[in-house]
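A short write-up of the structure that comes next.
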Amino acid sequence: MIYANYAATSPALTPSVAAELRGYLDGIHLNAGRNFEGLPEVAAALRARRAVGQLFGIANPLRVIFTSGATAALNMAINGLVTHGCHVLATSVEHNAAARPLHALQKEGIIDLEYLRCAPDGSLEPETVRKAVKKNTRLLVMTHASNVLGTILPVTECFKTAREFGIFTILDTAQTAGILPLSMEADCDVIAFAGHKGLGALAGIGGFALSERAAREMRQWMRGGTGSASDSLEMPDFLPDKFEPGTQNTFGIISLAASVEEILRTGVKAIRERERALTARFIEGLTERKNITPCGTLNADRSMALVSIVVRGQDAGDVSRRLFDEHGIITRSGLHCSPAAHKTAGTFPAGTVRFSFGRGTTEAEIDAILKALEEL
Ligand SMILES: Cc1ncc(COP(=O)(O)O)c(C=O)c1O
């Protein structure tokens, strides 16, 4: 079996992350963030906040908030930052995790939504942001890299422009966290992340990191018990409780602490370089195949370890199935929860077959996939 679907989820925990979780399974399950300091669960929550903060260049670990994943984080941040009648910018390659909440707000007449048009390869001219800014632009939502095209967006430049105009910024790092170096303390208001992809933690844990300004001004989208300030019907105004109602996912938080610490030990730069080299090898092999049209920039320096292809005259779902049935290769076909990206690339509604690589991928696997593609 060759797993080439890392963009959807990491297939396995590393041995050290699994060992930590096994230790926790044998113990008593308490409630991270709600009990006395010194308990392993409380310590794990702080460890995870510290590790994620370090990964994103966020100095104060309390500005790292846990949710069930990037989808919940994006919903909380988008709904918490918009105001009635405001203008919102987003790119034309957003995942539905951002596109659907934005669409709903537009449909309800709450926001005026405008998409920044990316090129068919998924790239975006940073100047597009400046040209689109209006007097009432309040929010810019951007994915760090397209989950369909792999293309890395120029978030630093775009967010600098947004900051000039006082616009709030939300970055979706579901595809890049733990793989692409990122230090956004100065320019980004909300960094949404998913635990189960590049971060190598369990599914069901994710969150967002907040700027001081967003921590102050963002409204809660979800409210409930926090185990603190319980005499009041208002949510506490201190972090992380302000944005963490309900019982937390301790098991997920422990997996996140262990996995992000491991990433920090390995170094994000080293992880990125390894995946970049694998992508370059794959792209080079693909361009030799006449019946295959690869999407994206076809430049590993500008892309994540993710390449979508169209096989001439063949249905994407059929190709994916054949790759699995005949070669044991696991890919993902269709629209990948991002119809917008497919419309941008010109592959809507047929979709593509997506190959995505990660920490377990080897050069031999890349070569085996290329060989399998020869037979299509
Ligand atoms: C770009 C992007 N954003 C958001 C998500 C949603 O992440 P989660 O599964 O953590 O909610 C994904 C997952 O596929 C994604 O690729």
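We did not get these values from a lab; they are worked out from the coordinates using the rules stated. Worth saying up front: this structure is predicted, and the values here are computed from it rather than measured. Quick reminder, even Gly has a Cβ in these numbers, built from the backbone with ideal geometry, and neighbours come from all protein chains shown.
Brief remarks on what is shown
- Any hit, region 89-101, residues being in a helix (DSSP H, G or I), without any contact (Cβ under 8 Å) to a residue 12 or more places away in the chain, within 16 Å of the ligand (Cβ to nearest atom) and closer than 21 Å to Q220 by Cα: yes
- Taken together, L74, L113, L105 contain a single residue that is out of contact with any Ser or Thr (no Cβ under 7 Å at 6 or more places or on another chain), within 24 Å of F243 (Cα to Cα), among the hydrophobic types (A, V, I, L, M, F, W, C) and more than 16 Å from the ligand (Cβ to nearest atom), which is L105.
- Residue tally, condition buried (at least 22 other Cβ atoms within 10 Å of the Cβ), closer than 28 Å to T266 by Cα and of a type in the set (V, I, T), over region 54-81: 4
- Scanning region 184-198 for residues that are part of a loop (DSSP other than H, G, I, E, B), near the ligand (Cβ under 10 Å from one of its atoms) and in contact with a strand residue (DSSP E or B) (Cβ under 8 Å, 6 or more places away or on another chain) yields a count of 2.
- Residues in region 102-137 that are assigned to a loop (DSSP other than H, G, I, E, B) and within 21 Å of T173 (Cβ to Cβ): C118, D121, G122, S123, L124, P126.
- Check on I179, in a loop (DSSP other than H, G, I, E, B), surrounded by 24 or more Cβ atoms within 10 Å (Cβ to Cβ), within 14 Å of the ligand (Cβ to nearest atom) and at negative phi: yes
- For region 138-152, filtered to residues that are in a strand (DSSP E or B) and more than 9 Å from the ligand (Cβ to nearest atom), the residue that is surrounded by the fewest Cβ atoms within 10 Å (Cβ to Cβ) is R138.
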